[in-house]
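The structure appears right after this line, and notes come after that.
The values are calculated or read from the model by the stated rules, or taken from the named source; none is laboratory data. Computed from a prediction, not measured in an experiment: that's the story for all the values here. Note: ideal-geometry Cβ built from the backbone for every residue, glycine included; neighbour counts use all protein chains shown. The protein model used for the area step is the full one, side chains on, heavy atoms only, and it has no ligands, DNA or RNA in it. Shrake-Rupley method; radii C 1.70, N 1.55, O 1.52, S 1.80 Å.
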Amino acid sequence: MTTATAMRIPEPPTTPSAGRVYNFSAGPACMPESVLLQLREELMDMHGTGIGLLEQSHRASTYDRILAESFESVRACAGLGDDWEVLFLPGGSMQHFSLIAMNFVPKDGWVAFADTGLWSHKGEKETACVRATKKTFDGATCRFDHVPADSEIADCAGAAYFCYCSNNTVEGTQFARPPRVAAPLVCDATSDIFSRPYDLAAHELIFCSGQKNLGASGITMVLARKSWLERADRSLPPLLSYSNFAKTESRPNTPPTFGVRVIGLMAKWTHDFGGPAAFGPRNKAKAAHIYAAIDRSGGFYRPSMRGDCRSDMSISFQLPSDALVDRFVEESEREGLCGLRGHREWGGIRACVYNAFPAKGCELLAEFMDGFAKKNG
Ligand code: PMP
């Protein structure tokens, strides 16, 4: 066997099965069909117990196994060593902006923020409810058209941490690598976790909602360096305390058992298909179909982000008028290309092409875009 053959990684399916459509939704987003089918079976009977996934006690041995599998799959997919903790917490990532601050910032401390888009903007506001914040990069000044180079970020020395969003789901910009600043790094990776190799070790804590590359909404996965967790404020109410979640294996009370299972299956699916290292080039190639259609449209499709910051997960662009946006959405839906309307606060069109989004859908969207621009340009 040659090395190339030995290293060949299987490709995920590239088309949805009959009756399903290409779902470009930003989140909750499309999931691998194999995971959905497995969940369908498990809902009725989990591991031959005669009890469905949603009906399992979180203290039963079946749930012990579910939890262990989810931890293991996430660890394998992220390539985490023993110095990292994995936590599963109820609720979306939005509430973690304030929770992280309560856990890790002394009352007189402050948090440095890169405001690079809607979610980091909201995140800064949430954080400011509990601790002082300072925008060390304000994307509003450049209409969020790029993420900052290190040299554009103001001095963070003295901050408890620097918080940034690796992929701006609404505006369609993405950091190529973690910023290098004089403060510990905390990252909201909700819309690009496991989508490419990324320097996790540069961070102290990474958090992300399910609902995109991890499947179910209403749950957050936190990856935290153990030495950082040790510094968490232990006087917080236990259900707000990260160290308590670590101590109780993410079940201080009844946990979101379904979401934990879905994250585990999604992480396993990602790992089985080669993990972030294999998905990185795949996602780049998928997104390239759509960016090529934008670039050859002669200005008909108008991306608001700079070319060097284009996201491989969230592809966002404007059209010459709102009426054309409506027509684009209507006609693309008729072709089975669904969920393309941009965020309500940003407008335009947005194609989210997370790990589970089939490659063929990106080719079909690019073809549709060529035809639409020709007809309406
Ligand atoms: N951060 C980013 C980057 C997001 O894309 C989103 C949701 N789209 C959120 C945070 C908020 O997630 P949730 O609604 O699960 O709290």
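Over the residues of the chain, the helix contribution to mean residue ellipticity at 222 nm works out to -11000 deg cm²/dmol, using -39500 (n - 2.57) for each DSSP H run of at least 4.
In terms of the mean number of neighbouring beta-carbon atoms within 10 Å, the peptides 186-192, 21-27 order highest first as 186-192, 21-27.
Residues whose amide H lies under 5 Å from that of residue 315, counting only those 5 or more places away or on a different chain, are 351, 352, 353; hydrogens are built 1.01 Å from N in the peptide plane. Once the 1.4 Å probe is applied to the protein heavy atoms, the stretch 41-272 comes out at 38 Å² accessible per residue.
Placing R0 at 22 angstrom, the Cβ-Cβ distance between residue 20 and residue 254 gives a FRET efficiency of 0.10 after rounding to 0.05. Bridge orientation summary for the chain: considering DSSP beta bridges with both residues in this region, about 55 percent are antiparallel.
Give, as ranges by residue number, the residues of the stretch 81-115 whose backbone N falls under 11 Å from the point 7 Å along Cα→Cβ of residue 231. It comes to 104-106, nothing else.
Report note on the peptides 38-44, 128-134: ranked by the mean count of other C-beta atoms within 10 Å, highest first, their order is 128-134, 38-44.
Using C-alpha pairs below 8 Å separated by at least 6 residues, the relative contact order for the stretch 41-272 is 25 percent.
Based on the Cβ-Cβ distance from residue 302 to residue 134, what FRET efficiency comes out when R0 is 30 Å, to the nearest 0.05? That pair, residue 302 with residue 134, gives E of 0.40. Using only Cα positions of the chain, each an equal point scatterer, no hydration layer, compute I(q)/I(0) via Debye at q = 0.07, 0.10 Å⁻¹ and quote the log10 values to two decimals. One equal scatterer on each Cα of the chain leads to -0.32, -0.65.
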